[in-house]
1. Taking the criterion of being in contact with a helix residue (DSSP H, G or I) (Cβ under 6 Å, 6 or more places away or on another chain), within 30 Å of Gln13 (Cβ to Cβ), surrounded by 14 or more Cβ atoms within 10 Å (Cβ to Cβ) and modelled with pLDDT of 95 or more, would at least one residue in the range 137-158 satisfy it?
2. Does the range 10-24 include one or more residues that are free of Cβ contacts under 8 Å to residues at least 40 places away in the same chain, under 17 Å from the mean Cα position of the chain (by Cα), surrounded by fewer than 16 Cβ atoms within 10 Å (Cβ to Cβ) and farther than 20 Å from Lys91 by Cβ?
3. Scan the range 145-162 and give yes if some residue there is under 25 Å from Glu64 (Cα atoms), free of Cβ contacts under 8 Å to residues at least 60 places away in the same chain and either in a helix (DSSP H, G or I) or in contact with a Phe, Trp or Tyr (Cβ under 8 Å, 6 or more places away or on another chain) (or both), otherwise no.
4. Taking the options Ile84, Ile102, Ile96, name whichever one is among the aliphatic types (A, V, I, L, M), over 26 Å from Val14 (Cα atoms) and surrounded by 15 or more Cβ atoms within 10 Å (Cβ to Cβ).
5. Going through the range 62-79 one residue at a time, which ones are among the basic types (Lys, Arg) and surrounded by fewer than 17 Cβ atoms within 10 Å (Cβ to Cβ)?
6. Conditions: (1) surrounded by fewer than 19 Cβ atoms within 10 Å (Cβ to Cβ); (2) touching a residue at least 24 places away in the same chain (Cβ under 8 Å); (3) more than 24 Å from Thr38 (Cβ to Cβ). Lys122 meets all but one. Number of the miss?
7. Kindly list the number of the only condition in (1) closer than 21 Å to Ile102 by Cα; (2) outside any helix (DSSP H, G or I) that fails for Gly200.
8. Considering only the range 179-210, how many residues are surrounded by 22 or more Cβ atoms within 10 Å (Cβ to Cβ) and in contact (Cβ under 8 Å) with a residue 60 or more places away in the chain?
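The values are calculated or read from the model by the stated rules, or taken from the named source; none is laboratory data. The structure displayed is predicted, hence computed values, not measured ones. Glycine also receives a Cβ, built like all others from the backbone with ideal geometry; neighbour counts cover every protein chain displayed.
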Amino acid sequence: MTETHDVATHLAQVKDRIATAAQAAGRDPASVALVAVTKTHPPETIRLALAAGQRVFGENRVQEAKAKWPALKADYPDLRLHLIGPLQTNKVRDAIALFDVIESVDRPSLAESLAREMERAKRRPLCLVQVNTGDEPQKAGVARADADAFIERCRTEFTLPLAGLMCIPPHDQDPAPHFALLDALARQHGLAERSMGMSGDFEIAIAKGATLVRVGTAIFGAR
């Protein structure tokens, strides 16, 4: 069991690092939100972060989130839950019901399913388009060459509540050019949110314009 002190201390340390990185980049620390990634961590560990004041969280899998988050949301109605992992179309109904932000919109069939379910459910979580900045065949995300057209389709054809972009750079490359590419693409399309950077590289992401950083290990420890 993770000790209360550990989660609270690590959370404070990560927030300090975010503030320092933002100030070094000439940015307001408040312009960067921390998404605490809780995949595989049990509700009792998540409650330690909630007790320490954290309110924005990320989960990778819809099924895992369904088992953990309804009770937590009932106790903390102000929390915001992000889906940061790939989304299958057969999980769209559950995702719309549970998540406040869906960061992994990456193909027309998914965008169409999301639009249809939002209309049915009368609930419109914010959406981010995931861009495969490294064009890695094994990784989710729209290819760089297709990103412009897909972003426009999400807005005009599917009328999704599109707030920004997300990426996961190749693990064996310098992430800075990938973060810079995502920032430039977001600016080009007038999108406010850039979800980029994880435990090992979020300071670099902040220097390149991240508004959301997804941090798990540095807060909760290795899974």
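1. Scanning the range 137-158 turns up no residue that is in contact with a helix residue (DSSP H, G or I) (Cβ under 6 Å, 6 or more places away or on another chain), within 30 Å of Gln13 (Cβ to Cβ), surrounded by 14 or more Cβ atoms within 10 Å (Cβ to Cβ) and modelled with pLDDT of 95 or more.
2. No, there is no match, as no residue in the range 10-24 is free of Cβ contacts under 8 Å to residues at least 40 places away in the same chain, under 17 Å from the mean Cα position of the chain (by Cα), surrounded by fewer than 16 Cβ atoms within 10 Å (Cβ to Cβ) and farther than 20 Å from Lys91 by Cβ.
3. no
4. On the way: Ile84 fails: over 26 Å from Val14 (Cα atoms); Ile102 fails: over 26 Å from Val14 (Cα atoms).
None of the other options fit; the residue is Ile96.
5. Initial filter on the range 62-79 (among the basic types (Lys, Arg)): 66, 68, 73.
Lys66, Lys73 - these are the residues of the range 62-79 that are among the basic types (Lys, Arg) and surrounded by fewer than 17 Cβ atoms within 10 Å (Cβ to Cβ).
6. It fails just one condition, (2).
7. (1)
8. Looking only at that region, the number is 4.
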